[in-house]
1. Is it the case, given these coordinates, that residue 58 is away from the ligand (no atom under 16 Å from the Cβ) and without any contact (Cβ under 8 Å) to a residue 40 or more places away in the chain?
2. Look through segment 203-221, keep the residues that are surrounded by fewer than 24 Cβ atoms within 10 Å (Cβ to Cβ) and over 20 Å from residue 301 (Cα atoms), and return whichever of them is nearest to the ligand (Cβ to nearest atom).
3. Considering segment 67-77 alone, what residues qualify as being at negative phi, more than 16 Å from the ligand (Cβ to nearest atom) and not in a strand (DSSP E or B)?
4. Kindly list, by first and then second residue, each pair from a residue in segment 292-315 that is under 16 Å from residue 355 (Cα atoms) to a residue that is part of a helix (DSSP H, G or I), limited to pairs with Cβ atoms under 6 Å and residues at least 6 apart or on different chains.
5. Any residue at all in segment 37-52 that is in contact (Cβ under 8 Å) with a residue 40 or more places away in the chain, in contact with a helix residue (DSSP H, G or I) (Cβ under 6 Å, 6 or more places away or on another chain) and on the phi < 0 side of the Ramachandran plot?
6. Across segment 245-257, what is the number of residues that are surrounded by fewer than 22 Cβ atoms within 10 Å (Cβ to Cβ) and either at pLDDT below 95 or out of contact with any helix residue (DSSP H, G or I) (no Cβ under 9 Å at 6 or more places or on another chain) (or both)?
7. Would you mind finding the one in 136, 187, 80 that is surrounded by fewer than 24 Cβ atoms within 10 Å (Cβ to Cβ), within 13 Å of the chain's Cα centre (by Cα) and more than 16 Å from the ligand (Cβ to nearest atom)?
8. Among the residues of segment 83-108, which ones are crowded, with 22+ Cβ neighbours inside 10 Å, at pLDDT below 95 and part of a helix (DSSP H, G or I)?
Ligand SMILES: Cc1ncc(COP(=O)(O)O)c(C=O)c1O
């Protein structure tokens with residue numbers, strides 16, 4: 001796409017941004033350039049690329065596209081969301097402190113607590129929804145705020161603008177993990193965030209066939225540092241994975257519209273069902289952060305968390321009975337998935353800590369796919385019946 005990205009709407013950017021048909025052969029879809037190295041006309045004067053860890057045409061197309069759909073100026077693709085997170089955390093040095101939301105992806109908690117802490121980077125985990133919690137967590141060594149919204153798996157929604165305004169007053173950058181909402185539903189950079197992080201494994205790719213990650217920013221100085229770290233650390237995705245994510249992005253807007261419509265319908269039905277103790281879905285008026293979600297997001301998302309009546313034994317029966325929903329970790333694909341965070345994705349968080357933040361033993365997380373919604377409901381309905389021992 002040659003014209004300036006800000007002239008186009010999200011769905012147009014998702015299909016075209018960062019890609020121009022090759023002048024040589026006119027291929028409309030981005031070619032997969034697998035070459036690990038690139039011929040140089042003279043020593044030390046590469047044409048555009050020299051080595052695929054440092055830069056690759058297929059990866060560059062993906063990075064331009066991701067930057068455009070997030071409203072950023074620079075994008076960086078990684079071999080996983082965790083690789084993106086860890087590369088970003090290398091902008092910190094020993095003695096620095098991070099403030100992180102207390103309900104983040106278990107692997108992010110593990111990186112901060114088990115990998116960064118021994119290297120002298122400490123993290124304070126706070127409930128960003130508690131008035132005053134962020135203000136009192138700041139100290140002179142605070143160098144980064146890490147925020148995930150909606151949160152995983154409790155689907156709390158935090159006020160990105162409020163956090164970024166507090167942080168800006170103290171000169172501290174804010175990173176928003178936008179994996180759950182996707183760029184189709186939420187634009188953290190517009191709300192003042194410094195960096196958006198994605199596990200592109202999820203909605204951005206959308207087909208559960210790639211593990212990938214991304215960082216997007218408008219801050220040119222930070223982009224320079226990230227470019228250096230991306231090359232130095234080398235946790236980059238293969239050109240073929242970049243191609244797959246680029247292909248997935250094209251339908252992101254269409255997929256998200258369907259995820260939101262089906263999740264809204266299922267959440268309403270689950271909420272009215274007495275075999276379910278509690279439903280958490282930001283698109284439901286009963287959700288404590290519903291008003292904020294309406295303001296900050298362009299739809300409630302495709303994720304639902306529910307407490308199955310009867311605790312862990314009932315949750316286990318429920319999960320074992322599902323036929324259309326697959327019992328599996330991850331989320332954001334075209335297929336519906338269900339999992340038990342306490343036993344699966346969040347097992348790295350100690351049980352007492354899980355219970356303290358409301359992540360109980362009966363909690364089940366659903367990733368609502370794009371299948372026919374009546375088939376999804378029929379599946380949940382029969383599994384709830386089995387969970388209840390009916
Ligand atoms: C919200 C969120 N952030 C980050 C990650 C880590 O991404 P990856 O699994 O691609 O390393 C995940 C993975 O589940 C996630 O759900």
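The values are calculated or read from the model by the stated rules, or taken from the named source; none is laboratory data. Remember, predicted model here, so these are calculated numbers, not experimental data. Glycine gets a Cβ as well: all are built from the backbone with ideal geometry, and neighbour counts include every protein chain shown.
1. Numbers: away from the ligand (no atom under 16 Å from the Cβ): yes; without any contact (Cβ under 8 Å) to a residue 40 or more places away in the chain: no.
It is false that residue 58 is away from the ligand (no atom under 16 Å from the Cβ) and without any contact (Cβ under 8 Å) to a residue 40 or more places away in the chain.
2. Once the filter is applied, the top-ranked residue is 211.
3. 67, 68, 69, 72, 73
4. 306/270; 308/314; 308/315; 308/318; 308/387
5. Looking for residues that are in contact (Cβ under 8 Å) with a residue 40 or more places away in the chain, in contact with a helix residue (DSSP H, G or I) (Cβ under 6 Å, 6 or more places away or on another chain) and on the phi < 0 side of the Ramachandran plot, one finds none in segment 37-52, hence no.
6. 2
7. The unique qualifying residue is 187.
8. 108
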